[in-house]
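Heads up: the structure comes next, in structure tokens.
The values are calculated or read from the model by the stated rules, or taken from the named source; none is laboratory data. What you are looking at is a predicted structure, and each value in this text was computed from that prediction instead of being measured. Cβ: placed from backbone, ideal geometry, glycine included. Neighbour counts: every protein chain shown. Protein only, heavy atoms only, side chains kept; ligands, DNA and RNA dropped before computing areas. Shrake-Rupley method; radii C 1.70, N 1.55, O 1.52, S 1.80 Å.
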Amino acid sequence: MFLSFEGMDFSGKSTQIVLLRQRLDAADMPSLLVREPGGTRLSERIRDMLLDRTHGEMDEVTEFLLFSSSRSQLVREVILPALEAGTHVIADRFYDSSTAYQGYGRGLPLDDIVRVHHLATHGLTPDLTFFLDIGIEESFSRRQHRSGEIDRMESASRDFHTRVREGYLALCEQHPGRIKRIDGERPAEIIANDIWSILQHHLSSDSTEGHSA
């Protein structure tokens, strides 16, 4: 099974991924975690370019194509072999991030983005996507309390992040069978219980959506 986690910056994805993997391990369902951008030698080098705040001149199309290039390498080198071997794969972001951030956030044509997605993912679609939804004020509040420097994407304007969230909400409406909106402003354990319940229901229903273009 291929699962992806999506959300605004500081939405709590990392915490929920850890909690889910603990439950999968307890259920004897070992998993592989990958992140975007990154996950391979080449993809990690692309990640460094994308998140470096000194690259403020980066063009929107360049940004999108770099994310897509990193994704293609990750899918071909890591994700597809793992799925073919029967390993459950969890992605900390996948192509929905590019639709939300570069499509809705940057304003690139959505039709063009979808076409590149198909190429960059080699036709792969997550079986299930968890969108951890938090409000813009909550996102910025969590950013202020974070230790360390924020990266180039996290440092974008409030208006940009507002458009990104609107993009995610639109994707939830477009793909209700795959993308599950989760209220991310509740206690972590309650959120984890919801995610586990949704996953269990998905497994029991033997859904056939995913792994295809």
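Per residue, the chain exposes 48 Å² of accessible surface when a 1.4 Å probe is rolled over the protein heavy atoms with every protein chain present.
Tell me what the chain gives for mean residue ellipticity at 222 nm when only DSSP H runs of n ≥ 4 count, each as -39,500 (n - 2.57), the sum divided by the residue total, rounded to 500 deg cm²/dmol. Present the calculation step by step, with values, prior to reporting the outcome.
Numbers: 9 runs with 104 residues, N = 213.
Only helices count here, giving -15000 deg cm²/dmol.
Specify which labelled value, from (1) 8, 35, 40, 16, 1; (2) 9, 39, 39, 12, 1; (3) 9, 33, 33, 18, 6, 0, agrees with P(r) over Cα pairs in 10 Å bins from 0, in percent derived from the coordinates of the model shown. Read-out from the structure maps to (1).
So which trypsin sites (Lys or Arg not before Pro) in segment 33-117 are both in a DSSP loop and have at most 15 other Cβ atoms within 10 Å of their Cβ? Write down the numbers at each step before the final one.
On the way: sites: Arg35, Arg41, Arg45, Arg47, Arg53, Arg71, Arg76, Arg93, Arg106, Arg115; in loops: Arg53, Arg93, Arg106.
Taking segment 33-117 and a limit of 15 other Cβ atoms within 10 Å, the loop trypsin sites (Lys or Arg not before Pro) found are Arg53.
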